[in-house]
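The values are calculated or read from the model by the stated rules, or taken from the named source; none is laboratory data. These numbers come from a predicted model, not from an experiment. Using ideal geometry, Cβ is built from the backbone for each residue, glycine included, and neighbour counts are taken over all protein chains shown. Accessible surface is based on the protein model in full, side chains and every heavy atom, while ligands, DNA and RNA are left aside. Shrake-Rupley method; radii C 1.70, N 1.55, O 1.52, S 1.80 Å.
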Amino acid sequence: MSIASEAHRTNITTLGPLVLPLSEQLRFLATVVLRRVFRAGVKAYLPDFTAALDHFCIHAGGRSVLEELERSLKLSVWHMEPSWMTHVLPE
């Protein structure tokens, strides 16, 4: 799971500046500045990727991968449906 988590972090970090609206980028930047420069106890801001993307196709690496990505990205059931449809449950 740690390898998948690191790959996820790298991909999000790379894609964020390319696809996120300026408002989401500025919110993220503000929390980074508050946390690193001013040492404020502000919780890190997770950008809302649903503001930039209509559809998500997440690798169906297994139930735990899908559940963790759904939780960490705060995606709705609607956003996750295509990924869950490709996930084959064991018989």
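Brief remarks follow.
- Selection count, region 16-39, where residues are closer than 17 Å to S72 by Cβ, among the hydrophobic types (A, V, I, L, M, F, W, C) and part of a helix (DSSP H, G or I): 1
- Failed condition for T13, given (1) open to solvent by 70 Å² or more (accessible area, probe 1.4 Å); (2) assigned to a loop (DSSP other than H, G, I, E, B): (2)
- Per-region count, region 16-57, residues in contact (Cβ under 8 Å) with a residue 12 or more places away in the chain and open to solvent by 100 Å² or more (accessible area, probe 1.4 Å): 4
- Annotation: of all residues in region 60-75 being touching a Ser or Thr at 6+ places or on another chain (Cβ under 8 Å) and either outside any helix (DSSP H, G or I) or of a type in the set (S, T, N, Q) (or both), the one that is surrounded by the fewest Cβ atoms within 10 Å (Cβ to Cβ) is A60.
- Any hit, region 40-52, residues being over 18 Å from L75 (Cβ atoms), out of contact with any Ser or Thr (no Cβ under 6 Å at 6 or more places or on another chain), of a type in the set (S, T, N, Q) and not in a loop (DSSP other than H, G, I, E, B): no
- Condition check for W78: among the hydrophobic types (A, V, I, L, M, F, W, C), loosely packed, with under 11 Cβ neighbours inside 10 Å and assigned to a helix (DSSP H, G or I): yes
- Just so you know, in region 81-91 the residues that are surrounded by 12 or more Cβ atoms within 10 Å (Cβ to Cβ) and either in a loop (DSSP other than H, G, I, E, B) or hydrophobic (A, V, I, L, M, F, W, C) (or both) include one that is modelled with the lowest pLDDT, and it is H87.
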